[in-house]
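Here is the structure we will look at, set down as structure tokens.
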Amino acid sequence: MSAAKRQPEDLAELGGPCLFERPRPVSNLARPDFGRIAAYARQAVQAHTFSDHGPLATRLEQALAHFHETPHCVSFSSGFWALGLAMRALARPGAREVVMPALTYRRMADIAAWAGLTPRFCEVDALRMTNTADCAAPCVGEDTALLLGVHPICGLADIAGLQALAARTSVPLLFDSVESVYERSPAGRIGGFGAAEVFSLGASKLINGFEGGYVTTHDPRLADQLRTHGRHFPLHELHAAMALASLEELDTQVHHNRLRYEAYQDGLAGQDGLRLVPFDPADRPAYKNILVELTDGWGLARDLTLRLLHAEGVLARAYYPQPLHRQAMSYPHIPARLPVSEWLAGRYLLLPCGEQVSLADVRTITGLLAFLGQHAPALQQRLAPREHP
Ligand SMILES: *Cc1c(COP(=O)(O)O)cnc(C)c1O
């Protein structure tokens, strides 16, 4: 590892040596034991089934249904298509709008448009960082086809509130549960709430299938419909092999995630201006995402903070770079003014996590953040883009 920083000139952005020659990602990139992956893959190759819902995809669906304690699980080639097909299957006939939080997965509005629906963005709760029932209720009306609840990247969605709102208004409720795949709520395992829940098996998620997604539900008719409509978006057998291997190692992975999270907790304790967003052990969290709020005491703009970190090989990411209602959209949508979402979108970043990041790396990263905090006023003055009046 390169030498520690003593003065601002030691920062890579100012010509000093870079802390990490191999950059440290905020993507999980879990890598299950190769022997395990190969053993599953051999079954697929020997069975001569390479795609289209072969025996491994079926076995994975069974394992995931068991894992989430739901009767049905339907797999797809990605979380994106799982969401699109679930939205299309669930939308109330004759109504057009999908109520979704403005702070969420960046393609969510595109998915609604693909499903033939119109995104209606609602505000998010400042603490939960996603849409609660109180946030969503003002947007639910005659033309609401679907209510989308999204689990935030730390903590849980307002499951009970959203379910009550859906029941009161007779609008179907779909959860994007990608970020809470491992969690448990007081009312049960994530996977069994609303009309259906959607998950991803992308490489940056907790369960890595290279690519892939799935839907869990209690509704056998919905499961059948999704299977029929989903046959053009199948999960391939080698992806199922990877996901099965990843699933077997999940508890070990979560244990490592927790150690990394605790190392961040130690390293950031007492750091002015940075607040590590805590996990609640009651949710049985997976401890994957390391989310940090830049509070008013942090003397550097978020974009400048990111620039300085990237130069060192710390690939931190803005969370979220932009609320959805501020993105350019070429399809119909409902304009909105959402001050809480806009405020939150400028204050948070994700720090490196996952199997590519060691505990020593975490100490290096928190040490770098302490250094940046110490020199914040000077760095801000020297490096911030000039404001044009
Ligand atoms: C990644 C992600 C998706 C999409 O899943 P893909 O498998 O990448 O298509 C959807 N929702 C959330 C919250 C995500 O993080």
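Here are some notes:
- Kirkwood-Stokes translational diffusion coefficient of region 274-351, alpha-carbon pairs, 10 °C, 1.306 mPa s, µm²/s: 110 µm²/s
- Residues of region 81-125 with amide N under 16 Å of a point placed 7 Å along Cα→Cβ from Ala187: none
- Annotation: per residue accessible area for the chain equals 44 Å², rounded to a whole number [probe 1.4 Å, protein chains only].
- For the chain, the alpha carbon convex hull comes to 148 Å³ per residue, rounded to a whole number.
- Farthest toward the positive end of the dipole of the chain, out of Thr130, Gly16, Ile207, is the Cα of Gly16, where the dipole comes from beta carbon charges about the Cα centre.
- Residues listed by number, region 263-278, amide nitrogen under 16 Å from Leu359 label point at 7 Å toward C-beta: 263-268
- Annotation: extensible slack from Tyr331 through Glu248 equals 25.7 nm (criterion: 0.36 nm per residue apart, minus Cα-Cα distance).
- Here the Karplus relation 6.51 cos²θ - 1.76 cosθ + 1.60, evaluated at θ = phi - 60°, turns the backbone of region 14-27 into coupling constants of 10, x, x, x, 6, 5, 10, 5, 8, x, 9, x, 9, 8 Hz, with x for every Gly and Pro.
- For the chain, built as a Gaussian network whose Cα springs stay under 10 Å, the top-fluctuating residue of Ala167, Ala44, Ala65: Ala167
- Of Leu60, Leu304, Leu349, the one that fluctuates the most in a GNM where the chain has Cα springs shorter than 10 Å: Leu304
- Among beta bridges that DSSP assigns inside the chain, antiparallel share in %, nearest 5: 55 percent
- Angle between the chain longest axis and helix 302-311 axis [Cα atoms, degrees, rounded to 10]: 80 degrees
- Folded to 0 to 90 degrees: helix 55-68 orientation relative to the chain principal axis, Cα: 70 degrees
- Extended-chain gain in nm, criterion 0.36 nm per residue less alpha-carbon gap, Asp134 and Arg36: 30.7 nm
- Accessible carbon and sulfur surface of the chain relative to its total accessible area, %, 1.4 Å: 52 percent
- GNM top mover of Glu142, Glu312, Glu97 - the chain, alpha-carbon springs below 10 Å: Glu142
- Dipole magnitude (debye, nearest 20) for the chain, charges at Cβ of Lys, Arg, Asp, Glu: 420 debye
- Anisotropy class of region 168-268 from Cα gyration tensor, a/c 1.5 cut: oblate
- With contacts taken as Cα pairs under 8 Å at a separation of at least 6 residues, the chain carries a relative contact order of 24 percent.
- Dividing the summed -39500 (n - 2.57) terms of all DSSP H runs of n ≥ 4 by the residue count of the chain sets its mean residue ellipticity at 222 nm at -11000 deg cm²/dmol.
The values are calculated or read from the model by the stated rules, or taken from the named source; none is laboratory data. Note that the coordinates shown come from a computational prediction; the quantities given were computed from them, not determined experimentally. Counting neighbours? That spans all protein chains shown, and the Cβs are built from the backbone with ideal geometry, glycine included. Please note that ligands, DNA and RNA were not included when accessible areas were found on the heavy atoms of the full protein model with its side chains. Shrake-Rupley method; radii C 1.70, N 1.55, O 1.52, S 1.80 Å.
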